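The values are calculated or read from the model by the stated rules, or taken from the named source; none is laboratory data. What you are looking at is a predicted structure, and each value in this text was computed from that prediction instead of being measured. Cβ placement follows ideal geometry from the backbone for every residue including glycine, while neighbour counts extend to all protein chains displayed.
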Amino acid sequence: MRRIGMNVDTGDTAWILISSALVMLMTPGLALFYGGMVRSKNVLGTIMQSFIALGVITIQWVLYGYSLAFGPTIGGIIGSFDWMGLRGVGLDPYPDYSATVPHQAFMIFQMMFAVITPALITGAFAERFKFKTYLVFLILWSTFVYDPLAHWVWGNGGWIKNLGALDFAGGLVVHISSGISALAATLIVGKRKGYGDEPMPPHNLTMTLLGAALLWFGWFGFNGGSAVASGSLATNAFVVTHISTASAALSWMMVEWAYRGNPTVLGAASGAVAGLVAITPASGFVGPVSAIIIGGVGGTVCYLAINLKFKFKYDDSLDVVGVHGVGGTWGALATGLFASKMINSTGKDGLFFGNPSLIGIQALSVVSAWIYSFVITLILLKILDWTMGLRVSEEHEINGLDISQHGEAGYSF
Amino acid sequence: MKKIEAIIKPFKLDDVKNALTKIGIQGMTVTEVKGFGRQKGHTEIYRGAEYTIDFLPKVKIEIVIQDEWVLQAIETIQRIARTGKIGDGKIFLIPIEEAIRIRTGERGKDAI
């Protein structure tokens with residue numbers, strides 16, 4: 001009689017479980033990162049939008065989200081409902097995804113990605129979105145954008161995976177999807193009241209920096225755990241993740257110092273996040289020196305990108321488009337340049353290692369993710385706007401989300 | 001009885017308080033305030049967004065004293081709080097109609 005858990009490697013499993021916990025920590029880390037950047041009257045409302053994703057997406061994932069994203073494919077477009085309620089997702093390994101790790105460990109690892117991705121979008125419509133509508137948006141966006149996109153890129157039989165595109169830990173699935181969806185959201189939701197006239201500086205950058213540090217820490221699980229094994233590949237992902245982040249933090253800080261006269265804390269923190277985003281798709285395919293370049297370019301490119309919102313006059317309040325959309329795009333394309341089979345023999349070589357075809361495939365996958373995320377998010381938000389309304393009332397926006405949406409105050413001095 | 005309201009630079013508070021205590025002034029009320037006169041603010045930049053901060057942090061000291069001590073108190077405050085740079089602050093004098101000590105009910109000179 002077979003015991004449950006034969007073929008399970010304890011080292012691999014330990015690493016995946018730890019990585020799942022690390023990625024889980026990134027969601028409250030994001031909450032603090034964003035929370036410090038808004039005005040104090042909105043700190044709880046902002047934190048809550050990230051935090052509550054842990055509640056909502058967990059249940060959605062278990063009930064049917066995991067099945068849609070990773071279940072048996074229907075035409076390479078979406079998974080079936082075979083694994084609804086995690087039926088069939090047991091404690092034995094599932095070789096297509098996790099040869100040496102219980103299937104449920106892989107499932108819970110992936111769950112944490114599904115949780116944080118929609119939370120990223122909230123930065124775009126900070127300080128003005130209705131909480132009730134947001135809860136519904138979480139469910140709809142996960143179901144109609146995240147789950148299909150995850151299936152295309154990572155699902156067994158997914159069409160982008162079959163095309164040969166490389167996305168180690170979520171450049172397409174997490175960052176481009178949230179970044180471009182954020183663009184759609186800012187266009188529909190509109191600017192904050194008083195934007196451009198009233199000062200809206202960050203109320204607590206110490207909180208933001210703490211959040212950035214937690215993101216950096218958790219990201220070791222985000223990229224390292226995507227090896228779905230403990231060993232050389234996880235090590236590579238861990239190492240290049242760290243290097244890219246450091247490089248990008250310095251890069252953003254220096255560019256801002258030269259352009260604006262000050263090396264800012266917010267710049268260093270933002271640069272670090274940009275570096276984390278950029279290396280995400282590449283982390284299982286590139287080496288340390290490539291990571292310096294990917295992070296260095298990512299920090300500068302994202303810094304320049306956030307200035308676009310002033311040119312085009314849209315209020316992407318916390319720069320989701322500039323950091324995740326643009327950073328993820330650079331990372332996905334950089335993978336097409338710097339990937340090397342010497343790092344990961346199951347991957348491919350990029351342009352700089354003699355294979356010009358990969359960059360084209362990466363570009364195609366990027367454009368597909370852009371278009372799909374943008375269009376579906378636009379439709380979802382339009383429907384929610386007509387039925388429930390997206391924005392809080394003007395009075396509630398002035399009084400702040402904390403008191404109007406949650407009946408609480410973040411601080412009582 | 002007069003009330004002296006002095007708006008001074010925050011870092012001068014300790015020196016002013018000590019100097020007033022030395023000349024016999026027993027109590028004061030202090031508030032943290034924001035304001036500007038001729039002193040310019042500064043600019044802060046967060047991710048490319050520029051914010052001009054007009055209001056500067058200041059401290060307001062309020063003391064209520066007998067008429068006989070007013071001149072000396074004002075001279076002390078001005079001497080100690082002055083730096084010579086713009087933004088040193090201002091002193092205002094306000095007549096007080098009555099003062100009452102809550103604990104004992106004393107009024108007038110006995111209350112201050």
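Determine which member of the set A:Val367, A:Val323 is within 25 Å of A:Val153 (Cα to Cα), of a type in the set (Val, Ile, Thr) and touching a helix residue (DSSP H, G or I) at 6+ places or on another chain (Cβ under 7 Å).
On inspection, the qualifying residue turns out to be A:Val323.
A:Leu318: assigned to a loop (DSSP other than H, G, I, E, B) and either under 17 Å from the mean Cα position of the chain (by Cα) or not β-branched (Val, Ile, Thr) (or both), yes or no? In short, yes.
To keep it simple, each residue is scored yes or no on (1) within 14 Å of chain A (Cβ to nearest Cβ); (2) under 16 Å from B:Asp88 (Cα atoms); (3) of a type in the set (Val, Ile, Thr); (4) assigned to a strand (DSSP E or B).
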residue	(1), (2), (3), (4)
B:Leu13	no, yes, no, no
B:Ala19	no, no, no, no
B:Gln26	no, no, no, no
B:Lys40	no, yes, no, no
B:Thr52	yes, no, yes, yes
B:Lys58	no, yes, no, yes
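The numbered conditions (1) outside any loop (DSSP other than H, G, I, E, B); (2) more than 21 Å from the chain's Cα centre (by Cα) are all true for A:Gly389 except (1). Give the residue, chosen from A:Tyr259, A:Tyr195, that is within 14 Å of chain B (Cβ to nearest Cβ), assigned to a helix (DSSP H, G or I), closer than 30 Å to B:Ile53 by Cβ and of a type in the set (Ser, Thr, Tyr). Only one candidate qualifies: A:Tyr259. The number of residues in the stretch A:275-318 being within 17 Å of A:Phe33 (Cβ to Cβ), more than 14 Å from chain B (Cβ to nearest Cβ) and either at pLDDT below 95 or surrounded by fewer than 24 Cβ atoms within 10 Å (Cβ to Cβ) (or both) comes to 0. You will find that of A:Ser181, A:Ser230, the residue that is buried (at least 17 other Cβ atoms within 10 Å of the Cβ), within 22 Å of A:Asp167 (Cα to Cα), hydroxyl-bearing (Ser, Thr, Tyr) and under 15 Å from the mean Cα position of the chain (by Cα) is A:Ser181 and no other.
Scanning the stretch B:1-30 for residues that are within 16 Å of B:Gln66 (Cβ to Cβ) and basic (Lys, Arg) yields B:Lys2, B:Lys3. Within the stretch A:148-165, the set of residues being within 16 Å of the chain's Cα centre (by Cα), hydrophobic (A, V, I, L, M, F, W, C) and buried (at least 23 other Cβ atoms within 10 Å of the Cβ) comprises A:Leu149, A:Ala150, A:Val153. Screening the stretch A:262-274 for residues that are surrounded by fewer than 20 Cβ atoms within 10 Å (Cβ to Cβ) and within 11 Å of chain B (Cβ to nearest Cβ) and picking the one that is modelled with the lowest pLDDT gives A:Asn262. For the stretch A:5-45, a tally of residues being of a type in the set (Asp, Glu) and assigned to a loop (DSSP other than H, G, I, E, B) returns 1.
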